[in-house]
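The values are calculated or read from the model by the stated rules, or taken from the named source; none is laboratory data. What you see is a predicted model, and the numbers here were worked out from it, not measured in a lab. All Cβ positions, even for glycine, are placed from backbone atoms using ideal geometry, and neighbour counts span all protein chains on display. With ligands, DNA and RNA removed, areas are computed over all heavy atoms of the protein, side chains included. Shrake-Rupley method; radii C 1.70, N 1.55, O 1.52, S 1.80 Å.
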Amino acid sequence: MATVTAVNISEQKGVRKNSVDEIVLKKDIGIVGDAHAGNWHRQISLLADESVDKVKVVIPNLTPGAFAENINTRGIELFTLPVGTKLKIGTALTEVTQIGKKCHDDGCAIKKATGDCVMPREGIFVIVLEEGTVKAGDVIEIVA
């Protein structure tokens, strides 16, 4: 069973995200209070703990939000989901809009420290179709 392991936000772009107890997902916005909220195709970022574990071999003390991801998961291989896949996360319904992303100019702090970063290859982005809340421990279901 796929689950949420952490939810993270930041009030400004370009910084790591901080874990919070719960996030509120709004249609046409994304996560209330997050710097990346807005009516665009990358409202919310997800990264699997299994992907983070690959980097923890080199940097063992990584915590949720280190890759600027909003939702950490376990038990689902996110980067294999096709664009258009609908995911029920907590009480919200989302849709996958992008797999991976172009890394910032010369790379993030993780890439500089390790020579690699998993977010550009294995992170995914979703938009909100139906509003709801998400917290650690919530189940993730592939709807379609």
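Observations, loosely collected:
- Members of the range 19-41 found to be assigned to a loop (DSSP other than H, G, I, E, B) and open to solvent by less than 30 Å² (accessible area, probe 1.4 Å), listed by number: 34, 35, 38
- The helices (runs of 4 or more DSSP H) found wholly in the range 42-141 and carrying at least 2 residues that are at pLDDT 85 or above and open to solvent by 10 Å² or more (accessible area, probe 1.4 Å) occupy 49-56, 119-122.
Rundown of residues vs (1) within 11 Å of the chain's Cα centre (by Cα); (2) touching a residue at least 24 places away in the same chain (Cβ under 8 Å), yes/no style:
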{"site": "12", "(1), (2)": "no, no"}
{"site": "18", "(1), (2)": "no, yes"}
{"site": "24", "(1), (2)": "no, yes"}
{"site": "32", "(1), (2)": "no, no"}
{"site": "44", "(1), (2)": "yes, yes"}
{"site": "51", "(1), (2)": "no, yes"}
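- Of residues in the range 1-18 being more than 23 Å from residue 77 (Cβ to Cβ) and in a strand (DSSP E or B), the one least open to solvent (accessible area, probe 1.4 Å): 9
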